[in-house]
1. Does anyone have the angle between helix 212-224 and the longest principal axis of the chain? Alpha-carbon axes, 0 to 90°, nearest 10?
2. Using helices alone, what [θ] at 222 nm do you get for the chain, with -39,500 (n - 2.57) per DSSP H run of 4 or more residues, divided over all residues and rounded to the nearest 500?
3. How would 253, 97, 6 line up from fewest to most surrounding beta-carbon atoms within 10 angstrom?
4. Calculate, in nm to one decimal, what residue 258 and residue 173 gain on full extension: separation in residues at 0.36 nm each, minus their alpha carbon distance.
5. Hey, with R₀ at 22 Å, roughly what FRET efficiency would residue 63 and residue 113 work out to, going by the Cβ-Cβ distance, to 0.05?
6. Looking at the stretch 55-108, which GluC sites (Glu not before Pro) are in a loop (DSSP not H, G, I, E or B) and have at most 11 other Cβ atoms within 10 Å?
7. In the stretch 1-53, what trypsin sites (Lys or Arg not before Pro) fall in a loop by DSSP, with at most 11 other Cβ atoms inside 10 Å?
8. List the chymotrypsin sites (Phe, Trp or Tyr not before Pro) within the stretch 171-228 that DSSP assigns to loop and that have no more than 16 neighbouring Cβ atoms inside 10 Å.
Amino acid sequence: MTDWKHIDEMTKAWIKEAGEQIRESLKNTLEVSSKSNANDLVTNVDRETELFFIEKIRQTFPSHRILGEEGGGDEIEDTNGIIWVIDPIDGTMNFVHMNRNFAISIGVFENGKGKLGYIYDVIRDELFSAQIGEGAYLNGDKLDRLQETSIETAIIGVNPFWLTNNMRIDYQLLHRIVKDARGTRSIGSAALEMASVAAGWFDAYIALRLSPWDFAGGWVIVEELGGKVTRLDGKPLSILEKSSLLVAKPGIHETIIQKYLNNFVERKE
Ligand code: 2AM
Ligand code: CA
Ligand code: CA
Ligand code: CA
């Protein structure tokens, strides 16, 4: 039997240690470079933080596998066994430009099912965590289960890019949601937007293209609170695939899919 409580305690200590190192790193000049395009940034701190977790996990749990954004982990093609899905810094553009509004995000899965989830807002020192079946927490405080809500009173997280002409969605579908919602917000870190749904600050979060490390931690946390986490066509997420994402309180999740996005078709590439 896997001792999830033990893994949870170790992980929280590692996250706090990594967060301390990231805060220290902001005193020095960051080495920034681009990946897939000029706005897709990575820094030495993204890479160093990922390696920090990989070393800890390999030493402590040598049979576990690791999927990390910066590529220091394993090639993962199936969901067998225990897999750590790690985004060392989610919101790298915020990290570089604003020195805030970024997070460490970690999800731990067993045979494809979420077991542990973490999102650490490094600057605010706010750790969102969940162990499936044991509740979700913000630092020491237990988070409330998410209640049904409607679009008219909702604050919805969405990146304004998806409201412009793009290849993934008829953006007018999103215009209708934005008009009907009480308000919209954009943080620029998918993990912190999912944490905002977990905390009840947001009622929903919509994204058109994310990778497993963007949503892995938040997926576990929001589901533990009774929230809904799926693709925009309502189908389940996978830690093996990039996809769209709809994270929401109950009620509003069904409304968004049935009333606004019933024609949405997920694009594979
Ligand atoms: P990242 O900072 O870890 O790359 C920004 O809108 C959000 O989208 C962040 O959570 C960011 O994660 C994520 N994202 C996913 N793919 C991205 C890409 N190609 N370029 C920039 N941000 C990306
Ligand atoms: Ca990135
Ligand atoms: Ca990310
Ligand atoms: Ca990242």
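1. Computed tilt is about 80 degrees.
2. After summing the helix terms and dividing by the residues of the chain, the value is -9500 deg cm²/dmol.
3. The most exposed by this proxy come first: 6, 97, 253.
4. Taking 0.36 nm per residue and subtracting the Cα distance, the gain is 29.4 nm.
5. E(calc), rounded to 0.05, equals 0.80.
6. Answer in residue order: 75, 77.
7. Within the stretch 1-53, the qualifying trypsin sites (Lys or Arg not before Pro) (loop, at most 11 other Cβ atoms within 10 Å) are 27.
8. Hits after loop and neighbour filter: 201.
No value in this document is a laboratory result; all are computed from the given coordinates. It should be emphasised that the depicted structure is a prediction, and the values quoted were computed from it without experimental measurement. Cβ sites come from the backbone with ideal geometry, for glycine too, and all protein chains shown count toward neighbours.
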